[in-house]
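One structure is given here, and the rest of the page talks about it.
Values quoted throughout were computed directly from the atomic coordinates according to the rules given, and no laboratory measurement underlies them. Here the structure is a predicted model, which is why all the values come from computation and not from measurement. Every residue, glycine as well, gets a Cβ built from its backbone with ideal geometry; the counts of neighbours run over all protein chains shown.
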Amino acid sequence: MTLAARLDRTAPTVSGRGQRWAEARAGSLLALPAAVYFLVFWVVPFAGAVYLSFTSYELAGVPEWTGLDNYRRMLDDPGFWNSAEVTAVFTVASVVPSIVLGLAIAVPLSKPGRLNGVLRALVLIPAAMPLVATSTVWSAIFADHGLANTLIGLVGIEPKPWLTDEGLALWALVVMTTWKHLGLFVIILTAGLQGLPSEVFEAAALDGAGPLRAFARITLPLLRRTLLFVLVIAVIGAMQSFVPAFLLTKGGPAGATEVLPLYLWATGFGFERMGYASAIAMVLLVAMLALSLLQFGVLKGGDDG
Amino acid sequence: MTMMTRRRLLGAAALTTTAGLLAGCGSEPEATVPADGVPRGKLSVWLHQTKAYDAVFTSLLHSYLQEFGGVDVTPLYVPVDKLDAKLLTAFAGDAPPDLFKIGGWTVAGHARKGRLAPVIPKAMGVSDEKALVATYDQSAVSSLSYQGKLYGVPIDYTICCLYYRRDRFAEAGLDPDKPPTTWEEVAEYSKRLTSADGRKVGLQWILGNPQWTVMQLLALVRGKGGGILSADAGTATLATDAGIEALRYYGGLGNAKLSNPLSGFGLFATGEAAMVVSGLFAMDLFPALNKKLVFGRSFDIAPLPRWDGGRPVAPAYTWGWAVAEQSRLQYTAWHFIDYLQRADVAARQLMDASLLTPVKGWEKLPSTDTKAMEIMAAAAPHADFGPQTPVWQEMAKSLTDAADAVAFGKKTAEQAAADFDQAMRRAL
């Protein structure tokens, strides 16, 4: 007996409906671990945070239902508004240069060539480094006698107190964050650029379009979906940024770097007002969702990817 | 694997789990005072790291274990700036250690939430709480009480004084043997000690640090006859003449933009700051930060200044030993604490680790820091532990925001004081 015949004899004989049912059951079983994980580590904590945001809970005893009090309190809390403003400035200031620089670097790096391959690997190094380690490195760079002051000293500028001047500290964090995330954005944009159809560019060249015109009229519109992806993850990442401010400035000086996640953390774990902290988290989530939807609305379309 | 084997495996797992659960439920909490009065059990202890104290603690631990064979102790050393957060996480997760070092300023907050066990006087060899309190400095021990109950015994006590750089004073033509005695003089001296570019200053505050902001402002506000909170800690009282004047003075001294990872402490060690307000621990800290600093030659200490014609105020704080309400070994925990707090141990701790346990008569304990001890002893009657409120962390953060805003010129003293009072209205 041939192998095929043997296999044919051992295969279960089920009708089409029965087979679909068996496949569905197998699929459900295979998906079960992921579903349980999602339920336990995402849905339940999220539902818990939503519930807590309507309560007064101080990490002891039982949460006490207070309705919308936490949300009303936010309107009247200068600490919250200061943090919201700092977060907005930090997000815009770190996302825009990250994407503009990322694109500027990705365009030449997307061209074929062995050197470009090496450069692409090098540019990804900061993104691969742990955030805590990079924050520590940057605290040394921004120190009084650190690299930042040495570099500006070369062009005759006086040393600056980067992390203790309330006018400079946020910008120091922006520089660090941009440096950290730039590599990842370059790689994503490079991949997007390499996926664009070459014949469109060849046709444009035949029609006499210069590189700048081709970039503005062809590359950018075709790259929309990649740009949308980068923009969404960049904005969400910036709005959730906690580690650099926590490690480099602790939110100071004078609240100049107290981003919303840091304020949320201090409210929850410093002041033990977990209900209020949950309400802040909900507002942050809604803001991120709204911004993401807005970005999808503005940048929808595009053919890349 | 056959079905039988699987069943056996599941059965074994279920049995193990049940046995574990039963074992957990079965461990009886220790009676408040065991009939035989003998401590026993396995204690977990959290304390913050200092090399000098570790040496004292470790030898005490060994001798205690030898003397009381039924006790085992597992210490965990936590960096000082992480201890509060680690304790809070442990309480929130229902897994606190049996006993731990705790900042006196956080006792009210934890006690209100039922996390701390009141002292068991019998475990500490005295008949009642009153007798126990009598063995300590009154003000230090009372800072570890909440609503009339004592939740800890004090260790690592300090009263703030003024540290100044003798070398900087001499450079500026000031007499290093005549440090300023009033806040007005401090401002005057600071003018002479400040360089034209502002990179060297006179007095530099410890900015951005809630605990030190409370102590620094406490001296200024209370000295003016005001307060940060009302006497019953029920309302904020910074937006008063005393509070606003204190904030204005605070914002007028030093250079907020001077940078050092250790804030004013670091700037004093480098010589950029000629004066700082600090505690006993700084006697060891400054020479550790800068090997060239020698006490009496390059730096010195003086009593904390007061306002001209004002009353003396000596901001103070203490750490304490406390026991978790959830501990099943409360008697043993307090018994071990009592062993750590004996008078002979207090003398050794002060000599070997510069750690002051405010036992009764601490002023006479022999110390290598004689001058600091004399200054602290003279200031002790005016020791002020600041507002004792369950929302201390929130109060201190809001006060730091207000003080820093004035120091950085972001707000006027009036605005900052009003913002503080408003923030406290929400918190209290």
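Between A:Ser94, A:Ser198, A:Ser139, the residue with the greatest mean-square fluctuation in the GNM of chain A (Cα pairs under 10 Å linked by springs) is A:Ser198.
Distance between the modelled labels on B:Lys360 and B:Asp72, one decimal in nanometres: 3.8 nm (7 Å Cα→Cβ projection). Taking every alpha-carbon pair under 8 Å whose residues sit at least 6 apart, chain B reaches a relative contact order of 26 percent. Once the convex hull of all Cα atoms in the range B:185-304 is built, its volume per residue stands at 121 Å³. Please check which bits of the range B:89-121 a label hung off B:Thr32 would reach, taking the label as a point 7 Å along Cα-to-C-beta and the cut-off as backbone N under 15 Å. Under 15 Å, as judged by backbone N against the label point of B:Thr32, lie B:117-121 of the range B:89-121. Considered as an equivalent ellipsoid built on the Cα gyration tensor, the range B:44-115 has semi-axes of 24, 15, 10 Å, the largest given first. Computed from label points 7 Å out along Cα-Cβ, the spacing between B:Ala131 and A:Leu154 is 7.5 nm. Size descriptors for the range A:13-65 (Cα atoms only): Rg and Dmax, in that order, 19.8, 61 Å. Shape summary: the range B:180-237 maps onto an equivalent ellipsoid whose semi-axes, from the alpha-carbon gyration tensor, are 28, 14, 7 Å in decreasing order. The reciprocal of the average 1/r between distinct C-alpha atoms defines the Kirkwood hydrodynamic radius, which for the range A:78-299 equals 19.3 Å. Its Kirkwood hydrodynamic radius, worked out from the mean inverse distance over all distinct Cα pairs, puts chain B at 23.4 Å. By the count of other C-beta atoms within 10 Å, a proxy for reagent exposure, A:Tyr276, A:Tyr57, A:Tyr37 are ordered fewest to most as A:Tyr37, A:Tyr57, A:Tyr276.
Legend: calculated FRET efficiency, A:Trp179 to A:His145, from the Cβ-Cβ distance at R0 = 25 Å, rounded to 0.05, equals 0.80. The relative contact order of the range A:152-260, computed from alpha carbon pairs under 8 Å that lie at least 6 residues apart in sequence, is 37 percent. Taking 0.36 nm per residue of separation and subtracting the current Cα-Cα distance, fully stretching the chain between A:Arg213 and A:Val132 would add 25.0 nm. At a temperature of 10 °C and a viscosity of 1.306 mPa s, determine how fast the range A:215-305 diffuses translationally according to Stokes-Einstein, using the Kirkwood radius over alpha-carbon pairs as Rh; express D in µm²/s, rounded to the nearest whole number. For these conditions, the coefficient is 105 µm²/s. Oblate is the label for the protein assembly as shown, because the ratio a/c of its alpha-carbon gyration tensor axes (a ≥ b ≥ c) is 1.5 or higher and a/b is not greater than b/c.
Put a dot 7 Å past the Cα of B:Thr181, heading toward its Cβ, do the same for B:Lys113, and the two dots end up 4.6 nm apart. Subtracting the Cα-Cα distance of A:Leu247 and A:Leu32 from 0.36 nm times their residue separation leaves 73.5 nm of extension gain.
Straight-line cross-link reach from A:Lys111 at under 29 Å between alpha-carbon atoms covers these lysines, not counting any fewer than eight positions away in the same chain: A:Lys180, A:Lys300. Here the sum of -39500 (n - 2.57) over DSSP H runs of 4 or more residues, divided by the residues of the protein assembly as shown, equals -16500 deg cm²/dmol at 222 nm, to the nearest 500. Per the Debye calculation on the range B:143-247 with a single equal scatterer at every Cα and no solvent contribution, log₁₀ I(q)/I(0) for q = 0.10 Å⁻¹ amounts to -0.42. Coupling constants for the range B:336-346 follow from the phi torsions by the Karplus curve (6.51 cos²θ - 1.76 cosθ + 1.60, θ = phi - 60°), and in residue order they are 5, 4, 4, 5, 6, 9, 4, 4, 5, 5, 4 Hz; glycine and proline get x.
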